[in-house]
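**Q** For reference, the structure I am asking about is given below.
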Amino acid sequence: MAETGQHAMPQEAAGEAPRRPTPPRDYRKYLDPQVLARISGLQLRARLAVAGLYAGMHRSPYRGVSVEFADHRPYTQSDDIRHIDWRLFGRTDRYFVKEYEQDTNLNCILAVDCSESMAYRSDAAPLSKHEYATAVAASLAYLALTQRDSVGLALFDRRITRFRKPSNHPSLWRPLIDDLQVSIGPARTSLRAVLDDLAERVSRGVVVLISDLFDDPQETLRGLQHLRYRGNDVIVFNVWDPAELTFPFRGPTRFEGLEEQGRLLVEPRALRRRYQAQTEAFRATLDRGCRAMQADYVVCDTSAPLGPALSAYLATRGVRARACSSRTRGGGQR
Amino acid sequence: MSALAAISFALPSLAVAGVAGGAVPIVIHLLHRRRFRRTPWAAMSFLLAANRRSRRRMQLEQWLLLALRTLAIMLLGLAASGPFLTRSAFSGVPGRGTLRILLLDNSCSMQAVTQDVPDDETTRFDQVRAAARQLLDSFPDTDSVSLITLASPAGRAVSAPTRDRRHVQSRVDAVTAGERGTDLNGGLRLAAETIRGSEWGTAGAARTGSVVVYVISDLTRAALGEDVLADAPADATRSSASAARDVAGMARLVLVGVGTPDGEKALDNAAITRFAATSPLPAVDVPVRFRVDVTNFGHRTVEGLAVQVHQEDRFLRRMELPTLAPGKGETAWFSAVFDTAGSLGLEARLVFAGESADALAADNVRYASIETREHVPVLLVDGRPGAAGLSGAAGYLAMALAPRSAAGDRYALAPKVVAPYDLTGEVLSAYDVIALCDVPQLAPAAWNGLRDFVAAGGGLLVTLGEDVQIPHYNEAAYAGGEGVLAAELGEPFPPAGDERGTRLKHEASPHPVTSDFADAADSGLFQSRISRYVRTNPDSDRTDVPLRYENGDPAILIRTIGRGRSCLFTTSADMMWTNLPAKGDYVSLMTNLVSHLAPARTGHRSVLVGEPLAEPLSPAGLSRPERPAVLLPDGQTQTAALSTEVDGVAATYAGTDKAGLYVMQVESAAHTFAVNVDIDEADLTPLSKTALAERLACRFDYVSAAEIRDSADLTAATTDLSVPALALVLTLLLCESWLAARFGAAAG
């Protein structure tokens, strides 16, 4: 188990002296929504969740940022003479310049759904879907900032209501948390328009979409396709309340639809099988579509730990970093 | 199922209730739909889509389950209402046919003349006979028929079921309507016996519905044994209903109604419902009071009615009656003086104005029998012998029973006063009533003699006073309830020195002793002051208390001992403890009391048509070689039979087929019997089908005799559908449970 003291806060990552190691604590419990629900501050929730994530890793390959030697190449004109390896010149009497692996600086856009349907929370869930989504978004922001990635934010319902450009400045953390804590309005989701708008604003970054995606899945996929077209990596976190997955209701129940979708009086037992078939088909459509466009599709149960969501981001970031590295290798742009 | 089959219900109202009960699951379903929980829901689009796909199937399932539940409850109600299937005549048991039992009502009411066809006077029994013929003609030759008549007592006109249709037809033709009452109860029990004794009597055969019982009657209240002058159903009605249920359990019961319940077409009939002497002890040269009750049972007002009374050939009185509204009655009173002693017969006849008459003549005449005597001997035992005039209780009592008058009026009661020590010398049986007036005590032999006197039919009156030795009375006269005293004596009340006193309590009692005072709360009887009396401890099961004090203690107690009565007057009969003897009502009270205690000598001489005449014989009469003779109303003479009764041997005659005065010559004395029609037969209004259903409370078919031709299913047999209906209910419930589980599993 890794020492939690190894994980730097955004200020530490910016060059401040590391704090003294704190006594070992098991932070993994903070991935559990039941525990997170008892923590009132979103900022603290995010830090503890990330701490829990790190505590579960054997080794952190992403710790810190370094400029590492990769190879030598012959000196050519216009090369900066500061990169000439003078020791090698002394042995070979020829000019070589050092090549380094460039540390990628990702632009991560967190797109969080703030439509009315996200306010739903069943009795079995500790957090509403929106609370869960903001916890995931805050944790990812914190995680990204510790990786010196740039983090941007887009809050949306039928349109983007709040947009913050990506930045890796540590001071971004607090206003970003403040933005996430906006209340939910009565508006419906219109994902296609939102994603199209977002695609016009960001490119070549990582777009993390956190939503219940209660919209036409084909339209949603077209919007995601637009983002991909703009060179973005896309991670889709599809947030579900456990009641929406299992439909556990009994006895005559009148379901009063959020987002002005009317009401329906039914015997839930009689509808359960068909309802679940509908939701499974919905998820299958999105999963297939995302896979086809090489986007990540992650189903999040608000009663389940946040770990898979955060891990998905780190996995995508690693792939993205290696891809960028391979693209820039030999570039010597540093 | 045959096209000739139809389902009927024994209790249609219950069937309607059962069908209405089918609404219960629907109501529960609707109420269930109104009780639901609300929840906000985000994934509405999926729910709406799922509902769109499942709605039709779910609705179908719900409607199917609801229909099964509704049907089960409706069928349960229908099963409880006694459904039965009527099948055509061709459905009898192969090789054996159907057993058909005809019950013909030939009672008095069937003599009623109908006016269905002008100038064609047919009686209701003519209609009964015609209906029977029609039914006989419609029966298949393979069916067996039995015939029962309903005139009381019911009897078999065809002893055993037979296929000989000609024989049955001849028996139907031979039956006539008499003046007897209706014995539907007996007729139905005979029918049940016939079924059980036949090859159709097994339970299995009964269930096949191959037995049909037809009751052809006017179906009046009298037919069901009901008392037309009483509101509450009689025990006889309950017996008829029980017998009808018994028959309906084994066969299809078809009631064929003669006459119509329709008020406009109902027959007019007025009748003398009562004719009797109200003076309990008629005596020679003493006015005897009579009462004649007339009731209009028709549906039209009757005017110009009169009652004429004859004593044999002697005209006695004619009384004009006021206009009688439908259903109303009128009472006429008259007095007559008879100059000879003996058994007399009187006839009261209803006389209509002009040429008019009513439908039934038999109930327009009523007969009464009285026995006049020279006097009624009463023995008064004076506890203070030698006291003159009104100084003692016996003196007051003698004066009350036979007041002395200057006009020399005769009275029925002839009191004789004796001293207690003279009692043993008297022949007690020579007296009708013996009164002990403040007698201190008697020898045990005297008490035993009094006990035997009362047991043989005599009357004993005991009045109290200061001289009465209470412990002696309790020990020797009451003897723990085995003696002749009506009740055990307690302490005098109020105690000595207490001068409060009390009064007698007025009650609207129908008891003959106090009935004269029922409507006279302010009479002297209730104004009199009682300064003292003796409290008693009566046996409520054996003792009547016709008069009480204001505090509820008994003033007069009467106990029946053997054939006689013993009475205890708990205060004094003189002015010692009460001032009652000074009131005029004292005379009426004591006269009524002694008359009530006197043995009834003519009660057995008033019977209904069909009931036997019986006159007790003395040992001397038994030794005579010749049999007692009976002179019938039509002048014929018949010989009476001798039969052993509970209290001795009696001369009896059973052939009282007609109303009238019958004279039985016994031991050189002529005893006149009054034989009357059952007055219940006078109400000619048939009961409606609904009224019959209420009274019989069993399943039956009803058809008017006029509709027999149109009722082809009358020859049909019935099959009980209750058990199949219950089986179907069970099947439906099982199906419902299985489908509910299946639908639930599919949904879950």
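**Q** What shape does segment A:107-325 have by the C-alpha gyration tensor, where a ≥ b ≥ c are the square roots of the eigenvalues, rounded means a/c under 1.5, and otherwise prolate means a/b greater than b/c and oblate the rest?
**A** prolate
**Q** How are the alpha carbon pair distances in segment B:265-372 distributed across 5 Å bins from zero to the largest one, expressed in percent?
**A** 2, 12, 24, 23, 15, 10, 7, 4, 1, 0
**Q** Can you tell me, using C-alpha contacts under 8 Å and at least 6 residues apart, the relative contact order of segment B:376-597 as a whole percent?
**A** 23 percent
**Q** What does the C-alpha gyration tensor say about the overall shape of segment B:535-576? Classify as rounded when a/c is under 1.5, otherwise prolate if a/b is larger than b/c, or oblate.
**A** Oblate, since a/c reaches 1.5 and b/c is not below a/b.
**Q** Just flag the trypsin sites (Lys or Arg not before Pro) in segment A:186-216 sitting in loop per DSSP whose Cβ has no more than 14 other Cβ atoms within 10 Å.
**A** Passing both the DSSP loop test and the Cβ count: A:R204.
**Q** Now a separate question. For peptide A:161-168, compute the average count of partner chain beta-carbon atoms within 10 Å of each residue's beta-carbon.
**A** Averaged over the peptide's residues, the number is 0.
**Q** Something else now. Just counting partner chain Cβ atoms within 10 Å, what average do the residues of peptide B:29-38 show around their Cβ?
**A** Taking all residues of B:29-38 together, the mean is 3.
**Q** Please compute the Kirkwood hydrodynamic radius over chain B, one decimal place, Å, based on all pairs of different Cα atoms.
**A** Kirkwood radius, chain B: 31.4 Å.
**Q** Gap in Å between the Cα centre of segment B:536-557 and the Cα centre of segment B:48-72?
**A** 75 Å
**Q** Report the calculated FRET efficiency for B:K505 and B:D541 (r = Cβ-Cβ distance, R0 = 22 Å), to the nearest 0.05.
**A** With R0 = 22 Å, the Cβ-Cβ based efficiency is 0.50.
**Q** Which whole number gives the average count of other chain Cβ atoms within 10 Å of the Cβ atoms across peptide A:258-271?
**A** Going residue by residue through A:258-271 and averaging, the value is 6.
**Q** Longest segment of chain B with no GluC sites (Glu not before Pro) in a DSSP loop having at most 10 other Cβ atoms within 10 Å?
**A** B:1-354
**Q** Provide the percentage of antiparallel DSSP beta bridges, counting only those with both residues in segment B:608-676; round to the nearest 5.
**A** 95 percent
**Q** Next question, about the same structure. Kirkwood Rh, segment B:608-676, all Cα pairs: how many Å?
**A** This gives a value of 12.0 Å.
**Q** Given segment B:376-597, what percent of its DSSP beta bridges are antiparallel, to the nearest 5?
**A** 45 percent
**Q** Here's another thing I want to ask about it. Among all the aspartates and glutamates, which ones have a C-alpha under 16 Å from A:K165's C-alpha, if same-chain residues fewer than 8 places away are not counted?
**A** Correct list for A:K165: A:D149, A:D178, A:D179, A:D197, A:E200.
**Q** So for chain B, if I pair up every lysine 8 or more residues apart or on another chain, how many of those pairs have alpha-carbons under 26 Å apart?
**A** Lysine pairs satisfying the spacing and distance rule in chain B number 5.
**Q** Any idea what the relative contact order of chain B is, in percent, if you count C-alpha pairs under 8 Å spaced at least 6 apart?
**A** 17 percent
**Q** Let me ask something else about it. On C-alpha positions alone, give me the angle between the axis of helix B:444-455 and the longest principal axis of chain B, in degrees, nearest 10.
**A** 40 degrees
**Q** Report, ordered by chain and residue number, the aspartates and glutamates lying within cross-link reach of A:K98, taken as a straight Cα distance under 19 Å and ignoring same-chain residues fewer than 8 apart.
**A** The reachable aspartates and glutamates, counting only those whose Cα sits under 19 Å from A:K98, are A:E68, A:D71, A:D79, A:D80, A:D85.
**Q** Shifting gears a bit: Non-local amide H neighbours of B:G562 (under 5 Å, H modeled in plane, Pro and chain starts lacking H): which ones?
**A** none
**Q** Evaluate the distance, in nm, between pseudo-label points positioned 7 Å from the Cα of B:Q638 and of B:E374 along their respective Cα→Cβ axes.
**A** Here the modelled spin labels are 3.6 nm apart.
**Q** Would segment B:305-357 count as rounded, prolate or oblate if I go by the C-alpha gyration tensor, calling it rounded below 1.5 in a/c and otherwise prolate when a/b exceeds b/c, oblate otherwise?
**A** Judged from the Cα gyration tensor, segment B:305-357 comes out prolate (a/c at least 1.5, a/b above b/c).
**Q** Determine the relative contact order of segment A:222-299: mean sequence separation of Cα pairs under 8 Å and six or more apart, normalised by residue count, in whole percent.
**A** 37 percent
**Q** Okay, next question. With labels modelled as points extended 7 Å from the Cα through the Cβ direction, what inter-label distance (nm, one decimal) is found for B:R35 paired with A:R162?
**A** 4.6 nm
**Q** Right, something else. Compute the FRET efficiency between B:A669 and B:D452 as 1/(1 + (r/R0)^6), taking r as their Cβ-Cβ distance and R0 = 25 Å, and round to the nearest 0.05.
**A** About 0.50, to the nearest 0.05.
**Q** Additional query: As an exercise, identify the trypsin sites (Lys or Arg not before Pro) in segment B:401-474 lying in DSSP coil whose Cβ has no more than 13 other Cβ atoms within 10 Å.
**A** B:R404
Only the coordinates and a few stated rules stand behind these numbers; no lab work does. These figures come from a predicted structure and were not determined experimentally. Cβ sites come from the backbone with ideal geometry, for glycine too, and all protein chains shown count toward neighbours.
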